[in-house]
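The values are calculated or read from the model by the stated rules, or taken from the named source; none is laboratory data. Given the structure is predicted, the values throughout are model-derived calculations rather than measurements. Counting neighbours? That spans all protein chains shown, and the Cβs are built from the backbone with ideal geometry, glycine included. Please note that ligands, DNA and RNA were not included when accessible areas were found on the heavy atoms of the full protein model with its side chains. Shrake-Rupley method; radii C 1.70, N 1.55, O 1.52, S 1.80 Å.
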Amino acid sequence: AAPAAPTPRLGPAGGPGRAVFGSGPAGMSAAYFARLLGFKPVIFEAQSEPGGVLRLGIPAYRLPRSIVAAEFAGLVRLGVEIRTGTAVGRDISFERLRKDFDFVFLAPGVQRSLELKLEPTAAGLRIISGLTLLRQTALGERVNLGRRAVVIGGGNTAIDAARTALRLGVKTTVLYRRTENEMPAHPEEVREAREEGVIFRFLAA
């Protein structure tokens, strides 16, 4: 087993409260450093589990869920409170946050994808964003991609979506408008995707 991380020195207890809206990397960091300075951070997370993009945007084969859980367990040991299933604007108002806390840190994360001007066809073409696919898969929802899928794009989210689709038993092709050397995705991710069976077509718009 890996050795436990050392407990950092905390600032004097009794500092003012700080609300953190969102539990992704930015929210985690804000809560951690606020606690070190003596604040009393409370993280509000709309989803049922904390982690934001760490849990819902990065597949478990790249970032095991146990590592994410251990990070939040460490925050709780430091005295950070985490309230999941609590969406600001739905379950608690922003006005209430301002009344109950001295500071509010907003870290809602990236919730939307860039949309292509594509329309579903009568032939049954279905369109889903990469972030939606990754989120639904992470939440254990049933995703029906049919037999073949095309992923448009060359970033890390595209590669994650392609490798996730492949794990769902779907023949997957990545289309990228430039060359492989110009892809923004990490080269090792592209190489591993190809080794797993993802098909690549370059200079394809």
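For segment 27-45, give me each residue that is in a loop (DSSP other than H, G, I, E, B), open to solvent by 10 Å² or more (accessible area, probe 1.4 Å) and not charged (D, E, K, R). Show your work before the answer.
Within segment 27-45, the subset in a loop (DSSP other than H, G, I, E, B) is 37-39, 45.
Among the residues that remain, those that are also open to solvent by 10 Å² or more (accessible area, probe 1.4 Å) are: 37, 39, 45.
Residues satisfying the conditions are Leu37, Phe39.
Scoring Ser66 on the criteria (1) out of contact with any helix residue (DSSP H, G or I) (no Cβ under 7 Å at 6 or more places or on another chain); (2) closer than 11 Å to Ala107 by Cα leaves a single failure, condition (2).
Which residues, counting only those in segment 138-176, are part of a strand (DSSP E or B) and surrounded by fewer than 22 Cβ atoms within 10 Å (Cβ to Cβ)?
Kept after step one, since they are part of a strand (DSSP E or B), are these residues of segment 138-176: 148-152, 171-176.
Those that are part of a strand (DSSP E or B) and surrounded by fewer than 22 Cβ atoms within 10 Å (Cβ to Cβ): Arg148, Ala149, Val150, Ile152, Lys171, Thr173, Leu175.
Being open to solvent by less than 50 Å² (accessible area, probe 1.4 Å), more than 15 Å from Phe103 (Cβ to Cβ) and either at pLDDT below 90 or not hydroxyl-bearing (Ser, Thr, Tyr) (or both) narrows it down to one of Gly24, Gly17, so name that one. Before the answer, list the steps.
Values: Gly17 fails: more than 15 Å from Phe103 (Cβ to Cβ).
So the residue among Gly24, Gly17 that is open to solvent by less than 50 Å² (accessible area, probe 1.4 Å), more than 15 Å from Phe103 (Cβ to Cβ) and either at pLDDT below 90 or not hydroxyl-bearing (Ser, Thr, Tyr) (or both) is Gly24.
Just one of the listed residues (Arg126, Arg135, Arg194) is at pLDDT below 95, in a helix (DSSP H, G or I) and either touching a strand residue (DSSP E or B) at 6+ places or on another chain (Cβ under 9 Å) or not acidic (Asp, Glu) (or both), and it is Arg135. Close contacts from segment 96-116, counting a first residue that is under 19 Å from Gln47 (Cα atoms) and a second that is assigned to a loop (DSSP other than H, G, I, E, B), with Cβ to Cβ under 6 Å and a gap of 6+ residues or different chains, come to Ala107/Gly22; Pro108/Gly22; Gly109/Gly22; Gly109/Gly24; Gly109/Gly52; Ser113/Ser129. Within segment 61-90, residues that are closer than 20 Å to Arg18 by Cβ and in contact (Cβ under 8 Å) with a residue 60 or more places away in the chain have Cβ atoms under 8 Å from residues that are in a helix (DSSP H, G or I) and open to solvent by 50 Å² or more (accessible area, probe 1.4 Å) in these pairs: Leu78/Tyr32; Val88/Phe94, counting only partners at least 6 apart in sequence or on another chain.
Scoring Ala205 on the criteria (1) open to solvent by 40 Å² or more (accessible area, probe 1.4 Å); (2) at pLDDT 95 or above; (3) among the aliphatic types (A, V, I, L, M) leaves a single failure, condition (2). Name every residue in segment 47-90 that is of a type outside the set (A, V, I, L, M), more than 29 Å from Ile159 (Cα to Cα), assigned to a helix (DSSP H, G or I) and open to solvent by less than 40 Å² (accessible area, probe 1.4 Å), in order of residue number. Residue satisfying the conditions is Gly74 alone. Residues being hydrophobic (A, V, I, L, M, F, W, C) and closer than 18 Å to Arg135 by Cβ are represented in segment 40-52 by at least one member. For segment 177-199, taking the residues that are closer than 9 Å to Gly154 by Cβ and more than 24 Å from the chain's Cα centre (by Cα), the one that is most open to solvent (accessible area, probe 1.4 Å) is identified as Arg177. Close contacts from segment 29-42, counting a first residue that is at pLDDT 90 or above and a second that is crowded, with 23+ Cβ neighbours inside 10 Å and of a type in the set (Phe, Trp, Tyr), with Cβ to Cβ under 9 Å and a gap of 6+ residues or different chains, come to Ala31/Phe39; Phe33/Phe39.
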